[in-house]
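One structure is given below, encoded as structure tokens.
The values are calculated or read from the model by the stated rules, or taken from the named source; none is laboratory data. The model shown is predicted, which means the values in this text are computed figures rather than measured ones. Cβ atoms come from the backbone with ideal geometry, glycine included; neighbour counts cover every protein chain shown.
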Amino acid sequence: MAQQTAPSAAEATTQSESSRLAGTLTWMSQNGIFIFTAILILFALIFVDGFGSLMNITDVFHRAAPIGIVAVGMTFVVISGNYLDLSVVAQVATAGVILIAVSNNYGIFPAILAALAAAMLFALVNGTAVGIFKANAVIVTLATTFIGLGLLRFFSGGSIFFGPPDGPIRTFGLGKIGPIPYSAIVLIIMTIVLGLLLNRTNFGFLVRSFGVNESATRLGGTNTALVIIGAFLVTAVAAMIAGFVLAAFSNTAVSNDGVGYEFRALAAIIVGGTSVFGGRGSVYRTFLGVIFVSVLTNILVLSGISFGYQQVALGVLIVLAVSLDALARKVAQR
Amino acid sequence: MTTTSSADIAIAATGISKRFGGALAVDDVSLRIAPGEIHSIVGENGAGKSTLMRVMAGIIESDSGSVEVFGTPVDPGTRAAIDAGIALVHQELSLVPEMTVAENILLGAFPTRFGFTRYKDLKEIAANALAEIGVSVDLDERVSRLSVALRQFVEIARAVARQPKVLILDEPTATLTPAETDYLLRMLSRLAEGGMAIAYISHRIPEVFEISSNVTILRDGRQVLTAPIADLTPQEVIDNMVGRELKEDLQTHRDATPGEVVLRATDIEAPRVNSVSLEVRAGEIVGLGGLVGAGRSELVRAIIGADNRTAGRVTLTRNGRSVTLSSYTSAVRNGVGYVPEERRTDGLALIMTVSDNIRLPNRQQLSRFGIKAPRKIAEFAQELADKVGLRPPEIEREAGQYSGGNQQKVVLAKWLGRRPDFMVLDEPTRGVDVGAKAEIHRLVKEMADNGTAVLVVSSDLPELLELSDVIHVMRDGRITGSLTREDATEQSVMTLAAGEAEAVA
Amino acid sequence: MSTTISLGADESTGTWGRIRRTASRRTEGRGIVLLTFIIIMVALLEPLALTAYDVTLGRIALIGIVALGLTAVILMGELDLSVASTLAVAGVIMASIPDLALGIVAALVAGLVVGVINAFFVAVIGINSFIATLGTLFALRGLAFVLSNEAPVSLENKDAGIAFGQPLIGPLTPRILIFILVFIAIQLFVSRVKTGREFFAVGGNRQAARDAGIPVNKRIFTGFMISGFVAALAGVINTLERTTADPTAGSTVLLASFAAAIIGGNYLKGGRGSIVGTLIGAASLGILQVALTISGVQVPIQQIYIGVILLLAVTTDPTSLRAVRGSLRTFRQSRMKTPDS
């Protein structure tokens, strides 16, 4: 049976080795994004034709903006430990259609109010199911995606809505400052605002605290249901704004808008270093992740690589990034 | 050396020692159990019984010593232990709720033909196991629908089905009614008569005296006494469980002049709590003693609303104004603080900084319109960190990087910041080093001196005696007796907790 | 000398007592309630759905096949979100290979491979199955586009496809027959085969399963492989019947199959539920969908129905209800008048 052994030198080395490995893995999963983004941009500037052109950069911003806005908003749900909000797809499309359809008939302001109401409804249903009924967020948001899309397609009849050619929406969609379109500026503003919300307010603190340790947060005297509803509300408002921006881009809206947003946003969030297990991460990192994903997508497009490969790349990226995080945690626990 | 050769001894554990971190959980313990013998292992919470049992069952490996079954050494590991004929009866948590009784009894070892389960054989073996322990249960019933007692019996049937030579049971009667306990004890006696060697770990003295032939008493990991039960009286056993050389009176006398009643809990009922009432006054420290499973943690959680209670009322009184406490959030809002039993999962967010942890319940006063005031937070947290003696007092360090004692100080600090009127502490110094322990005791007494009503749950008898002005001892969800500071001794507490006597309150 | 300890429940051995006891054991209660409700509503409003049972059975089969495979994974306490894209990829692979038999085999093998990949990330790397299969869902969706050049792929052997859609035994088309076979196979596996039975242990009390010597990781691999295989099978069936493979196929199936499994009483946390329950859930949804289609309800509205049903199903299982009951009780208590002491 067991012999009496003092911790040998070999054991001591493996212990420090494994904690060093843990440290490296953790560092990489959290900070790798900075390096990778820099490398990627450098690579693109050198090797990819047309990347550095003004037109292309503007295009990248245009495409990055709506996805980025969704991503920075959804970061709240991810940090709270609830994986993600699949229904952003429906929310983006709904907001865009409401904006154009309602503003065509009633004006911009009522349109915004209507879209806001829709966003709050989404948030309420999602947040209640996950926060009070403690149901699984992935399944719940899967259901609300279909409910939302179904309602949208029914009411819109699947038709495409066009904004007036000289209306405020079009003006916004065309506007830019230098090479940076208004939409990207909205993204930057949202990043700053939401970043402040997450890092400097009690609400943001509670969202993060909930993601780190639900039990301790509850025992600290918090109404956790409200925190969860709040996280979904932030996502919903962000998705709404993203829907506006998307609609403004083409001055049209249709119920099919926003396809693929859920996983692109998640990819950006995860790649940026926010842990899908909750607690760790930040809005600023998501912003960086958005840049990375957008540049990557742009490189693929410029290289003529089809949409399918892009999806594969993003899916693989998500799985790898999460694996890194999971392995880092596993090793750290040993 | 004894005259019986080792080959006749069903299980012999020799020189078992096990160290966890810095502390010695088991220190050179040896015991031997012969076939047909029921050998009880007793000791208070933390004496090392569980660790010893887990070593014997192969779940953990000891640092030194060996385990032999009929003279053959047993390799470490559960597989080896099972193969050697050692069967451990877990608490009922080891069953699969939605599988049938028969399937649970033979979990992992179904008889099969070409991969298909031979249900007839399965049920036969299961039925035999049940018959051997004298219990009749519908083999097709799902375990989740059985009563707690029956689940415990199914657990035993599973152990017995493997035809073991040695049966180890850890506190099997913790969740049973007296009638069910009685049944279990008779069952065990029958099994022993049939030649099984039984190790019975418990701190319920009456049961120990009813069925054992021999008893081993552990205290602080050391083997205090091993003797035939016939040679001892219950009081002697209890005394040996707790008998420390009574040093000079540790109790630094507190001149406690308790004020008005702050907390009044009436007829509290909850799972494991049977209609308990108690009061705590301002400036008073009330201790809750008892053994594992007595319902102490459940009681305090039911009082503050951390768990739902099925009946009872709780009122908090300050400055003449009374409030009924209904939910945990309202309790905290009204000046209740709670240091939970599980520091790592409930008390702290380990990957967050000390500062953030302290901020959590204090966030409203440390912010303006919901926006955090970083300087206020830093000042506040630093002040509290210094006050509790956090070493080193770096509030920006992750809580998880501190030692257990320091972590507990952080938990205390965050509540101190709220100046609670009523403070609950559940096992405040578990896993805490000696130095930090003394500091925490000082802080608790200081809180009381400042007028807080304090309720402490502790399995650490000296701690309970040192802190409490009044001790209520619980057993089976009820308060069996109350002791004032003058009457309280380790023996008197343990007698109320484990023995038959119900002292006059 | 054996005495009996009373169960606390009634011990009547009469047939009525036995029926009552069996009924209370089962988890399919909610599913049966929903199914009954739907059958009654449909019988009143659109009885054609019930009489045109070849169409209805076909619909049930479509939803049910994937749901059955999914149930195997859910029983273990895991999720497989990738079934939708596994279906699509399998279909595309099959259509892209000129030789029909080879194509079918390749598609099914692909399903198994997906299962292995998913299980690897869940069991070996230790990622939560929600995220792992979400990642594979995305990646495979992309793969389907890549392999099909973003356009539906026509089946070479169209005659086989058309023949596949013809009833084979009575009114039962091959799709329905395969569904019945899959149901029987998985039901047997989970109730009578040792490894399948142990899925309940892996989901119900994973630590106890490990302690009892059950190779949990192996079981996880088996479960995901079943789910992947069955999803691929559904893709094959789909492609044969339509004679083309659509790389975007599967999203409604994802929704409906989860709904079917959860309605049928399968707990997402694992360890509780049944294959029969999934069948009942699939039946409810299938009948509902056919009835809605016949009455001219558009597809978007149908999706709303299914979405609402899924939402209700996932928020009304006992764990959720217990959570709500707790919150309600504290809410009510805080509203009570407080008599002054």
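In table form, for the structure just shown:
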quantity	calculated
Residue check for C:GLY223: away from chain B (no Cβ under 11 Å), in a helix (DSSP H, G or I) and either touching a residue at least 24 places away in the same chain (Cβ under 8 Å) or under 21 Å from the mean Cα position of the chain (by Cα) (or both)	yes
C:SER274 being within 14 Å of chain B (Cβ to nearest Cβ), within 12 Å of the chain's Cα centre (by Cα) and either within 30 Å of C:ILE162 (Cα to Cα) or not charged (D, E, K, R) (or both)	yes
Looking only at region C:118-140, and only at residues there that are more than 17 Å from A:ILE270 (Cα to Cα) and under 20 Å from the mean Cα position of the chain (by Cα), the one that is surrounded by the most Cβ atoms within 10 Å (Cβ to Cβ)	C:ASN118
Condition met for B:ARG418 (within 34 Å of the chain's Cα centre (by Cα), within 18 Å of B:LEU350 (Cα to Cα) and of a type in the set (D, E, K, R))	no
Single unsatisfied condition, B:ARG79 versus (1) more than 24 Å from C:ARG26 (Cα to Cα); (2) part of a loop (DSSP other than H, G, I, E, B); (3) facing chain C (nearest Cβ under 10 Å)	(2)
Pick from region A:82-100, criterion out of contact with any Ser or Thr (no Cβ under 6 Å at 6 or more places or on another chain) and among the hydroxyl-bearing types (Ser, Thr, Tyr), ranking: surrounded by the most Cβ atoms within 10 Å (Cβ to Cβ)	A:THR94
Those residues of region B:341-357 which are under 15 Å from B:ASN406 (Cβ atoms), more than 7 Å from chain A (Cβ to nearest Cβ) and either surrounded by fewer than 24 Cβ atoms within 10 Å (Cβ to Cβ) or of a type in the set (A, V, I, L, M, F, W, C) (or both), in sequence order	B:ARG343, B:ARG344, B:LEU350, B:THR353, B:VAL354, B:SER355
Among (1) touching a residue at least 40 places away in the same chain (Cβ under 8 Å); (2) surrounded by fewer than 21 Cβ atoms within 10 Å (Cβ to Cβ), the one test that B:ARG79 misses	(1)
Only listed residue being buried (at least 22 other Cβ atoms within 10 Å of the Cβ), within 23 Å of A:VAL140 (Cα to Cα) and touching an Asp or Glu at 6+ places or on another chain (Cβ under 7 Å), chosen from A:PHE263, A:PHE232	A:PHE232
Residue within region A:294-301 that is among the hydroxyl-bearing types (Ser, Thr, Tyr), farther than 20 Å from A:ARG208 by Cβ and under 19 Å from the mean Cα position of the chain (by Cα) present	yes
The listed residue being out of contact with any Lys or Arg (no Cβ under 6 Å at 6 or more places or on another chain) and either buried (at least 21 other Cβ atoms within 10 Å of the Cβ) or closer than 23 Å to A:VAL186 by Cβ (or both), out of A:PHE307, A:PHE287	A:PHE287
Candidates B:VAL444, B:VAL454 - the one that is within 25 Å of B:ALA497 (Cα to Cα) and touching a Phe, Trp or Tyr at 6+ places or on another chain (Cβ under 9 Å)	B:VAL454
Output for region C:64-117, where each listed residue is polar (S, T, N, Q) and outside any helix (DSSP H, G or I)	C:SER82
Within region B:177-287, helices (runs of 4 or more DSSP H) holding 2 or more residues that are touching a Lys or Arg at 6+ places or on another chain (Cβ under 8 Å) and either at pLDDT below 85 or closer than 18 Å to B:ILE479 by Cα (or both)	B:234-242
Residue in region B:85-98 that is under 25 Å from B:ILE201 (Cα atoms), of a type outside the set (Asp, Glu), out of contact with any Pro (no Cβ under 9 Å at 6 or more places or on another chain) and assigned to a helix (DSSP H, G or I) present	yes
Those helices (runs of 4 or more DSSP H) lying entirely in region A:101-176 with at least 2 residues buried (at least 23 other Cβ atoms within 10 Å of the Cβ) and over 26 Å from the mean Cα position of the chain (by Cα)	none
Candidates B:LEU106, B:LEU88 - the one that is within 14 Å of chain C (Cβ to nearest Cβ) and in contact with a Gly (Cβ under 9 Å, 6 or more places away or on another chain)	B:LEU88
Leading residue by the ranking (surrounded by the fewest Cβ atoms within 10 Å (Cβ to Cβ)) among those in region B:366-385 that are more than 11 Å from every other protein chain (Cβ to nearest Cβ) and more than 12 Å from B:LYS414 (Cα to Cα)	B:ARG375
Total residues in region C:226-254, condition surrounded by fewer than 20 Cβ atoms within 10 Å (Cβ to Cβ) and either within 14 Å of chain B (Cβ to nearest Cβ) or in a helix (DSSP H, G or I) (or both)	4
Qualifying residue in region C:255-270 (condition: modelled with pLDDT under 90, surrounded by 24 or more Cβ atoms within 10 Å (Cβ to Cβ) and more than 14 Å from the chain's Cα centre (by Cα))	no
Cross-chain or 6+ apart pairs with Cβ under 6 Å, region C:308-320 first and more than 8 Å from every other protein chain (Cβ to nearest Cβ), then at pLDDT below 85	none
Conditions (1) part of a helix (DSSP H, G or I); (2) more than 29 Å from the chain's Cα centre (by Cα); (3) of a type outside the set (Lys, Arg); number of the one not met by B:LEU52	(2)
Odd one out for B:ALA109 among (1) more than 24 Å from B:ILE9 (Cα to Cα); (2) assigned to a helix (DSSP H, G or I); (3) of a type outside the set (Ser, Thr, Tyr)	(2)
Yes/no for B:SER66 being polar (S, T, N, Q), over 23 Å from B:GLU193 (Cβ atoms) and not in a loop (DSSP other than H, G, I, E, B)	yes
Looking only at region C:203-216, and only at residues there that are more than 9 Å from every other protein chain (Cβ to nearest Cβ) and either in contact (Cβ under 8 Å) with a residue 40 or more places away in the chain or among the hydroxyl-bearing types (Ser, Thr, Tyr) (or both), the one that is surrounded by the most Cβ atoms within 10 Å (Cβ to Cβ)	C:ARG206
Checking B:VAL154 against (1) more than 9 Å from chain C (Cβ to nearest Cβ); (2) under 22 Å from B:ALA34 (Cα atoms), the condition it does not meet	(2)
